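Q: One structure, as structure tokens, below. Some questions next.
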Amino acid sequence: MRTVRLISAGAAASALVLGLAACGDDGGGSEDGTTTIKLVAADYGDKASNASKVYWDDVVKRFEAKNEDIKVDVQVINWNDIDTKVKTMIQGGNVPDILQTGGYADKVADDLLYEADEVLSPKTKSNLIESFAKAGEVDGTQYGIPFVSSARLMFYNKEVLDKAGVDVPQTWDDVAAAAQKIKDEKAAEIPYALPLGPEEAQGESMIWELGNGGGYTDAEGNYTIDSEQNVETFEWLRENLVDPGLTYDNPATTDRKTAFADFAAGKVGMLNGHPTLIQMAKDGGVDYEVAPIPGKDGPLDSTLGVADWMMAFKDGGKQEEIKKFLDFAYAKENTLKFDEMYNLMPVTTDTLEEMQSNGKHKDLEPFFEVLPSAEFYPLGNTSWDVVSAEIKKSGGKAVSDDPGDVLGELQQKAEDTAADMGE
Amino acid sequence: MPVTVKEPAAGTGPGPGGRKTGPQRRRRGGIARLGPLPWIGPAVLLIVVVVLWPIYELIRTSFLNVSISGFVRGSAGTEKYRQLFDESGFGSVLTMTVVWTVAVVGVTMLVSLGLAQLFNKPFPGRTVTRWALIAPWAASVLMTAIGFRWMLDQTAGVLNTLMTDLGLIDGPKDWLGDPATAWPWMMFVAVFVSLPFTTYTLLAGLQTIPHEVYEAARIDGAGARQTYWRVTVPLLRPAFLVGFVINLINVFNSFPIIWGMTQGGPGSDTATTTVFMYQLKSTDIGESAAMSVVNFAMVVVLVLIFLKVSRWNKEDA
């Protein structure tokens, strides 16, 4: 009996703690005169052939050929796991030197990062598009280095809208009316795709909130998640899209990738999307078109812009090596290659000019147009990453439960976190 | 009661301790003085490294203030526990964990009991069906969960198509999006993957019951029902108990099924405490560790109850 007890107690305990046990060896350090810098990056690919690992390995190979005393250790992690893994690395003292992921400000709060000026040459820094460089600032100092960007527009399936006999919607009421028509005519399984699942609830929510003059913060950067406009937005969504069955049955558990896949399969009438959807729709043979995103009383003046970020950690003290690598990685040939590989939008002036003028990116033109005026998440708030994670988890429930309660609770958590971070 | 666990507990029998009085003692004095330590040393070390140390780290972390970037900002006192108990979903997560554990273990034990008795009787094709039952066990649980998630998918799921074609439902449903339908499906999958182990445990138990006992019962004039309740059930108790407790701990800690099918969503409406712990990890490691400690305490209670019950079982025998 004692053996059984030991086994079950042991099994139980190890099963429990497995998720939290953090271990890892400390990479880097210099032996034989070379310095190894550790690069951790997110994977933008959706299959083996276009995995970001392929891109980074190539960049590193060319970089190492030019800089024989520097080795770069590349680790590419998929989007679902990268935040957790990086967190574990930092907690375990195995800090990367360079990180490319979705957010940066939380690391600024703990004073982990080099300033952008310290790890970018003036030439590279001045090449960054200004609005993005600005979005990388916390209290006037730039830490986040933009890496790629995208903006959102409404995609619609032309065949579906034709079959239902509706024009391209301009306002929320148009959207609801068009969706109802699509449903009545059985032109598409999902008239309007509203993905509020954990993958990107914070993005879809913000797009809709912008349509009603709302958003996550006020001009001073204080959270306004449960503002009247925002609550009204979700009430409208529930009453006009969710309850009448014009979108998914359970938006709170439907992820963006599902919505994109359904659109590419011709099952969706309209949805908000970013340039990745262009290729997906083409591959699926969907006759699509893009249009400005409808707001409550008319199309949005400024849509949601999203940037992903590069940042350099102070922990390893490899400032010079990091600087060399970043200058190399931000050269036009590399950024252009990456942006074209994934149909993403550039964050550097020379690459933007190239992409706008080389005639290969007609599809992206509507996106280039809205990019300069795009609105960002409150990235400069060091608490944003926590708040964003909370919105991802439960924000979608605002269209099934009482929006006031759901948003109120998120607001409370946001305020607590902000206070905790000393904002 | 010949089957009841009667063998001496490990360490109290004629183990290394018995050698102390032997003639070899004087010659190998150095090692002998250490007693059984050199033999159990590696095992003890293993337990310290993989069991005790993580538990210590776990408890320590639950009192730390760890920022979202993973940076340790110092002590948090009991703040993380307060935050945990204040979470709006905490109460319902606890309730659903109990419902989940009781329902899954209960149904598993009942169905397994039936299956084990079926497999204990000779019938054509028994070998094949016995092998077939191993399948859910052999497949990775996560794989099974993801398989079911896709089979239940609203637009592409084969089970949805099947049920629609059979006229069981009006049209494809988003089973896993709504907690009210997601829970029963996840419980179904949990029972499905728990059946093989439990059935085989009970089958092994059934096969240890000697024929003579049944013969004696028949000679005494016991009917089928009487034989079952008076002979089979009591003699099966040790196997049943082992199956029950291991299932209890397994199901309570079950992570891959829920994570693979709903990730605990929407919000934490389909989360058990284990899944909830993992969800908290994305916002606050300290609070997540606090959840783990609470979870751990609950497992310890389960184990203590098990020890109590198993001792009662011994005395009864």
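Values in this text are rule-based calculations from the coordinates and carry no lab data. It should be emphasised that the depicted structure is a prediction, and the values quoted were computed from it without experimental measurement. Don't worry about glycine lacking a Cβ; one is built from the backbone with ideal geometry, like all the others, and counts go over all protein chains shown.
Q: So, in nm, how far is label residue A:357 from label residue A:137 when the simple model puts each one 7 Å beyond its Cα toward the Cβ?
A: 2.9 nm
Q: Another one. Would you mind checking which residues have amide H under 5 Å from residue A:43's amide H? H placed 1.01 Å from N; only 5 or more apart, or other chain.
A: A:77, A:78, A:79
Q: Testing the spin-label approximation: label points 7 Å from Cα along Cα→Cβ at residue B:309 and residue B:48. State their distance in nm.
A: Once both label points are built, they end up 3.4 nm from each other.
Q: Per residue of region A:344-351, what does 6.51 cos²θ - 1.76 cosθ + 1.60 with θ = phi - 60° give for ³J(HN,Hα)? Whole Hz please, x for Gly and Pro, Karplus curve as stated.
A: Here the 3J(HN,Hα) series is 9, 9, x, 10, 10, 4, 5, 5 Hz.
Q: Collect residues whose amide H, placed 1.01 Å from N in the peptide plane, falls under 5 Å from the amide H of residue B:64; neighbours closer than 5 in sequence don't count.
A: B:76
Q: Hey, which of these cross-link pairs are over 19 Å Cα-Cα: A:257/A:360; A:393/B:281; A:267/A:360; A:181/A:257? Write down the numbers at each step before the final one.
A: Values: A:257/A:360 26 Å; A:393/B:281 12 Å; A:267/A:360 29 Å; A:181/A:257 25 Å.
Too far apart for the 19 Å limit: A:257/A:360; A:267/A:360; A:181/A:257.
Q: I would also like to ask the following. 222 nm [θ] for the protein assembly as shown, helices only, -39500 (n - 2.57) per DSSP H run of 4+, per residue, to 500? Before the final figure, lay out each step's value.
A: Working: 35 runs with 399 residues, N = 740.
My calculation for the protein assembly as shown gives -16500 deg cm²/dmol from helical runs alone.
Q: Among B:282, B:112, B:194, determine the one that fluctuates most according to a GNM of chain B built with springs between C-alpha atoms less than 10 Å apart.
A: Highest fluctuation among the options: B:282.
Q: Two decimals is fine: what is log10 I(q)/I(0) at q = 0.04, 0.10, 0.11, 0.12 Å⁻¹ for the protein assembly as shown, from a Debye sum with one equal scatterer on every Cα and no solvent?
A: Taken in order of the listed q values, log10 I(q)/I(0) reads -0.21, -1.10, -1.26, -1.41.
Q: Per residue of A:93-103, how many C-beta atoms from partner chains lie within 10 Å of its own C-beta, taken as a mean?
A: On the way: counts 2, 0, 3, 0, 0, 0, 0, 0, 0, 0, 2.
Counting Cβ atoms of other protein chains within 10 Å of each residue's Cβ and averaging gives 1.
Q: Something else about it: How crowded by other chains is B:59-69, given as the mean number of beta carbons from other chains within 10 Å of each beta carbon? Please report the intermediate quantities before stating the final value.
A: Values: counts 1, 0, 4, 1, 0, 1, 1, 3, 14, 20, 19.
For peptide B:59-69, the averaged partner shielding equals 6.
Q: Residue by residue through region A:369-382, what is 3J(HN,Hα) from phi via Karplus (6.51 cos²θ - 1.76 cosθ + 1.60, θ = phi - 60°)? Round to whole Hz and write x for glycine and proline.
A: 4, 8, 4, x, 9, 5, 9, 10, 4, x, 5, x, 6, 5
Q: Order of A:223-233, A:351-361 by packing, highest average Cβ count within 10 Å first? The partial results should precede the final answer.
A: Values: A:223-233: 20.6, A:351-361: 14.9.
In descending order of packing, they fall as A:223-233, A:351-361.
Q: A follow-up question, please. With charges only on Cβ, +1 for K and R and -1 for D and E, what is the dipole size of the protein assembly as shown about its Cα centre, in debye, rounded to 20? Walk me through the intermediate numbers first.
A: On the way: 64 positive and 95 negative charges, 1299 e Å.
Roughly 6240 debye for the protein assembly as shown.
Q: For B:49, B:275, B:213, which order do you get if you count the other beta carbons within 10 Å of each Cβ and list the fewest first? Walk me through the intermediate numbers first.
A: On the way: B:49 10, B:275 25, B:213 15.
Starting with the residue having the fewest Cβ neighbours, the order is B:49, B:213, B:275.
Q: Karplus couplings for region B:248-264 from phi (6.51 cos²θ - 1.76 cosθ + 1.60, θ = phi - 60°), rounded to Hz, Gly and Pro as x?
A: The phi angles translate into 4, 5, 4, 5, 4, 8, 4, 10, x, 5, 5, 5, x, 9, 10, 6, x Hz.
Q: Inside 10 Å of the C-beta atoms of B:280-292, what's the mean count of C-beta atoms belonging to other chains? The partial results should precede the final answer.
A: Details: counts 2, 7, 11, 10, 5, 6, 0, 0, 2, 3, 0, 0, 4.
Averaged over the peptide's residues, the number is 4.
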